[in-house]
2 protein chains.
Amino acid sequence: MSGTQLAAATAAELIATQPGRLIGVSLGPGDPDLITRRAFARLTSSARWAYPVTGPGARSHALEIACRAGLAVPADALALHFPMTRDRVALTAAWQQAAAHCLTALAGGRDLAFLVEGDASTYSTFGHLAATLRDLAPGLAIEVIPGVTSFAAAAARLAEPLVSDAGVLAVIPAAYGIEVIDRLLDQCDTLVLLKVNPLLDQVLALLERRGLSGHARYLERLGTAAERVLLGLDGLHGSRVPYLSLLLVKNPGRHATPPAPMASSPLPDPPTGSPR
Amino acid sequence: MSGTQLAAATAAELIATQPGRLIGVSLGPGDPDLITRRAFARLTSSARWAYPVTGPGARSHALEIACRAGLAVPADALALHFPMTRDRVALTAAWQQAAAHCLTALAGGRDLAFLVEGDASTYSTFGHLAATLRDLAPGLAIEVIPGVTSFAAAAARLAEPLVSDAGVLAVIPAAYGIEVIDRLLDQCDTLVLLKVNPLLDQVLALLERRGLSGHARYLERLGTAAERVLLGLDGLHGSRVPYLSLLLVKNPGRHATPPAPMASSPLPDPPTGSPR
């Protein structure tokens, strides 16, 4: 039976039962202490675990974070395969197959906690899995527990603001293309470039050309024993960096003259106002 | 003695002692279960608490999150005043005064945990406080504990992705100006507008004009008993909304033709690759 056939059959069966909930459990960027109290509670509840891997026997960053938190991987934890590709056909097939496995598990009535590295809503496979499941079984209950993003953790690690006041923050996977990055730099005060490896040298050249190299920070494998933080970018040229790497770029010269709506009157004092 | 004089005197004194650390403790957007395990540990450590208020007797959202987590406010918790204004002179004076109070507390050797709603690096008063303290006492140890942002929590609450695949995410306080918002919409797939109150009607008109009203979600006071979530924007016209409100705007029509770097070859399989 194909993934799609299996899913359809299981979805039909699911309607007759009281299925479990799918829970997207965000674990944060790597440091197990950055797991939220709710995520930790779900991992230690009766929910079955599911976690993403790129293929049979591959490591799961999400699972490793849970292990570093001192949790033992349950014997029935479900490895779901999501190939590392941009081939839409292969991806769709993988989402269908994973959704079918989830439906089978959920039909038993037990909640299924899908472990997510970082935040489940931010560039995550979980979004595709949840959308596929929702198509197959529209009434399925889905809970998403948000988590700390890698870029919030990166700024905290540097003890530098990510973005302040009325600044514009933009986030983009670097593979999107160098022209897009160049255009975005005109529009934002802080640019976060995720997954920089495919375009690293081009990005470094662009930052050099725009005079921003000194305002960029490079971080990889945050919150793990292999963490690396570079305040300058010199050591990066020509190197190959891991998947879990990012650049934080500040664009301090953007406001030579402050924009009109900002410089003038103070904001009104809202009734429930409170500084953050 | 002015705030600046006090700070200078205390900074000099601090050098002769073993000062405590300043800790920026992010508490997430409102739901106490979204506090990370590290933040909770710091709040239940021997560290003294400090928290921001807009003025004498005002509420502190950050403190309220800690209270909802079941923690009692210690008797010696320090309220620090940050006026709700964009007047740079008034703000600088407030940061100086708050920094002076922090230095006095830190000089005793005890850590000082500054409670932050949301994430301490993202549009937070904490960044200004830390920068002021660093100027006054360059050797001061500062730890920042990252937290869940309001926009990650908003997407989770909706069980919708915030941003997917190679999409561009942009975040901006709405008061920045309607032209900036209009320009940014051309560049991003998801736009988060924070603190929408001052420009709400103009933003609603812009979204209407661009045909994006149906792709916008409004959320206020997330994770509290007063939480409100609107999937359409009809009820908002002409209304006054609270400070802790945001709009999530999806821009689905942006890629009529996919950009060149995306459609073609799959990304290389990095050695430590793992789906998120």
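The values are calculated or read from the model by the stated rules, or taken from the named source; none is laboratory data. Just so you know, these numbers come straight off a predicted model, no measurement behind them. Neighbour counts are summed over all protein chains in view; Cβ atoms, including those assigned to glycine, are modelled from backbone coordinates with ideal geometry. When the accessible area is computed, the model is the full protein with side chains, heavy atoms only, and any ligands, DNA or RNA have been set aside. Shrake-Rupley method; radii C 1.70, N 1.55, O 1.52, S 1.80 Å.
Only one of the listed residues (A:GLY127, A:GLY118) is small (Gly, Ala, Ser), without any contact (Cβ under 8 Å) to a residue 60 or more places away in the chain and within 11 Å of chain B (Cβ to nearest Cβ). That residue is A:GLY127.
Can A:LEU244 be described as at pLDDT 90 or above, at negative phi, within 14 Å of another protein chain (Cβ to nearest Cβ) and crowded, with 21+ Cβ neighbours inside 10 Å? Against the criterion (at pLDDT 90 or above, at negative phi, within 14 Å of another protein chain (Cβ to nearest Cβ) and crowded, with 21+ Cβ neighbours inside 10 Å), A:LEU244 does not qualify. Go through segment A:219-240 and give me each residue that's surrounded by fewer than 17 Cβ atoms within 10 Å (Cβ to Cβ) and assigned to a helix (DSSP H, G or I). Within segment A:219-240, A:ASP234, A:GLY235 qualify.
Is it the case that some residue within segment A:172-187 is at pLDDT 95 or above and in a loop (DSSP other than H, G, I, E, B)? There is no residue in segment A:172-187 that is at pLDDT 95 or above and in a loop (DSSP other than H, G, I, E, B).
For A:LEU162, the stated conditions do not hold, so it cannot be described as touching a helix residue (DSSP H, G or I) at 6+ places or on another chain (Cβ under 8 Å) and either surrounded by fewer than 24 Cβ atoms within 10 Å (Cβ to Cβ) or outside the structural domain of A:LEU244 (by TED's automatic domain parsing) (or both).
Here's the yes/no breakdown for (1) touching a strand residue (DSSP E or B) at 6+ places or on another chain (Cβ under 9 Å); (2) more than 21 Å from B:ASN251 (Cβ to Cβ); (3) charged (D, E, K, R):
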position	(1), (2), (3)
B:ALA98	yes, yes, no
B:CYS102	yes, yes, no
B:GLU117	yes, yes, yes
B:TYR123	yes, yes, no
B:HIS128	no, yes, no
B:LEU158	yes, no, no
B:ALA174	yes, no, no
B:ARG183	no, no, yes
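Every listed requirement among (1) open to solvent by 20 Å² or more (accessible area, probe 1.4 Å); (2) assigned to a helix (DSSP H, G or I); (3) within 21 Å of A:VAL144 (Cα to Cα) is met by B:LEU199 save one, (3). A search for C-beta distances below 7 Å between a residue of segment A:143-163 that is facing chain B (nearest Cβ under 7 Å) and without any contact (Cβ under 8 Å) to a residue 24 or more places away in the chain and any residue that is of a type in the set (A, V, I, L, M, F, W, C) and surrounded by fewer than 24 Cβ atoms within 10 Å (Cβ to Cβ), counting only pairs 6+ apart in sequence or on different chains, returns A:ALA159/B:ILE142. Considering (1) assigned to a helix (DSSP H, G or I); (2) at pLDDT below 90; (3) among the hydrophobic types (A, V, I, L, M, F, W, C), the lone condition that A:LEU204 does not fulfil carries the number (2). Scanning segment B:165-175 for residues that are facing chain A (nearest Cβ under 7 Å) and either open to solvent by less than 10 Å² (accessible area, probe 1.4 Å) or under 16 Å from B:GLY211 (Cβ atoms) (or both) yields B:ALA166, B:VAL168, B:LEU169, B:ALA170, B:VAL171, B:ILE172, B:PRO173. Every listed requirement among (1) modelled with pLDDT under 95; (2) surrounded by 13 or more Cβ atoms within 10 Å (Cβ to Cβ); (3) over 18 Å from the mean Cα position of the chain (by Cα); (4) under 19 Å from A:PHE151 (Cβ atoms) is met by A:THR272 save one, (4).
Residues of segment A:131-142 that are touching a helix residue (DSSP H, G or I) at 6+ places or on another chain (Cβ under 6 Å) and at the interface with chain B (Cβ under 9 Å from one of its Cβ atoms): A:ILE142 alone.
Residues in segment A:202-218 that are open to solvent by 50 Å² or more (accessible area, probe 1.4 Å) and touching a Lys or Arg at 6+ places or on another chain (Cβ under 8 Å): A:HIS215 only. Residues of segment A:29-59 that are modelled with pLDDT of 95 or more, part of a loop (DSSP other than H, G, I, E, B) and open to solvent by 40 Å² or more (accessible area, probe 1.4 Å): A:THR44, A:SER45, A:SER46. Being open to solvent by 10 Å² or more (accessible area, probe 1.4 Å) and hydrophobic (A, V, I, L, M, F, W, C) holds for only one residue in B:LEU103, B:LEU140, and it is B:LEU140. A:ALA113 meets the conditions (1) touching a residue at least 40 places away in the same chain (Cβ under 8 Å); (2) closer than 18 Å to A:VAL192 by Cβ in every case but one. The failed one is (2).
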